[in-house]
Amino acid sequence: MESPIDLLLREEPRTGGAARERALAAARGELARNPPVRNWRTEAAWVFAASAIMTAAVAGVMLALGATSGAFLLGRAPLLALLWFTSAVCAWGSLAPRGYRLRLLGVGMALASAASLVFTRGSVHAEPTLPGWVCTASHVGVGLIPLVVAVVFLRSAAFRPLRALLAGLSVGVTGAFVGELACSQGWRHVLGYHLSAWAIVAVVTLAVSRSLLPRSFAP
């Protein structure tokens, strides 16, 4: 079925106020049915919130079970806050219509956060009781729900590799955050198993977002 705008385009050109009014009315009707504006700020907030809520829930469960303590969380607070801030900047940059510099800042912050995770660890704190890959698998697992949220909102705009990568870095913080709470291994373990999980989540977000047809091609 043709839209009112299509019907107007097929008619012979007209002049005068009546024709303009008809065109404006048809355009308003189309815009009412298909709003072009997306609330990207709300979408970015949801992407960040998905990671923040997940990490807060894990921290709450660990506190309830006695697997961590308030004193430990306070001691790691600066690094945990850096991870959350990195997630927020990456989420904002991934969905902002324009913001190439912000996206570069997000990548830089992700690299700085990853380096901080490694350099603040030092040597091994405890003998491992599980294979290292368990950390990688669990970190990817806790990031799956935030990953789905990110992919859903990425479809509301045109696909851009850097945009999708930023969203993946944002939700990948989930596993990195949990690793700071649940794992006491040294920097080599963090470098090999924790950061690899972060990278996997980012790459999967990029690949899935690329494979899906966007609902909108907004910038």
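Please verify whether residue 179 is crowded, with 22+ Cβ neighbours inside 10 Å, over 21 Å from residue 45 (Cα atoms) and more than 14 Å from the chain's Cα centre (by Cα), treating the condition exactly as stated.
Details: crowded, with 22+ Cβ neighbours inside 10 Å: yes; over 21 Å from residue 45 (Cα atoms): yes; more than 14 Å from the chain's Cα centre (by Cα): yes.
Answer is yes for this residue.
Mind listing whichever residues of the range 158-174 are over 19 Å from residue 58 (Cβ atoms) and small (Gly, Ala, Ser)?
158, 164, 167, 168
Within the set of pairs 6 or more residues apart or between chains, which connect a residue that is more than 11 Å from residue 181 (Cβ to Cβ) inside the range 46-60 to a residue that is aromatic (Phe, Trp, Tyr) and open to solvent by 20 Å² or more (accessible area, probe 1.4 Å) with Cβ atoms less than 9 Å apart?
Within 9 Å, the pairs are 46/153; 47/92; 47/153; 48/84; 48/92; 51/84; 52/84.
Quick grid of which residues meet (1) at pLDDT below 95; (2) under 21 Å from the mean Cα position of the chain (by Cα); (3) within 21 Å of residue 187 (Cα to Cα):
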residue: 119; (1), (2), (3): yes, no, yes
residue: 122; (1), (2), (3): yes, no, yes
residue: 128; (1), (2), (3): yes, no, yes
residue: 131; (1), (2), (3): yes, no, yes
residue: 137; (1), (2), (3): no, yes, yes
residue: 151; (1), (2), (3): no, yes, no
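Would you say residue 88 is open to solvent by less than 40 Å² (accessible area, probe 1.4 Å), farther than 18 Å from residue 140 by Cα, in contact with a helix residue (DSSP H, G or I) (Cβ under 7 Å, 6 or more places away or on another chain) and not hydroxyl-bearing (Ser, Thr, Tyr)?
On the way: open to solvent by less than 40 Å² (accessible area, probe 1.4 Å): yes; farther than 18 Å from residue 140 by Cα: yes; in contact with a helix residue (DSSP H, G or I) (Cβ under 7 Å, 6 or more places away or on another chain): yes; not hydroxyl-bearing (Ser, Thr, Tyr): yes.
Yes.
Which residue out of 188, 155, 215, 163 is basic (Lys, Arg) and open to solvent by less than 50 Å² (accessible area, probe 1.4 Å)?
163 is the lone residue from the list that is basic (Lys, Arg) and open to solvent by less than 50 Å² (accessible area, probe 1.4 Å).
The values are calculated or read from the model by the stated rules, or taken from the named source; none is laboratory data. The model shown is predicted, which means the values in this text are computed figures rather than measured ones. Cβ coordinates were reconstructed from backbone atoms using ideal geometry, including for glycine residues, and neighbour counts include every protein chain displayed. Please note that ligands, DNA and RNA were not included when accessible areas were found on the heavy atoms of the full protein model with its side chains. Shrake-Rupley method; radii C 1.70, N 1.55, O 1.52, S 1.80 Å.
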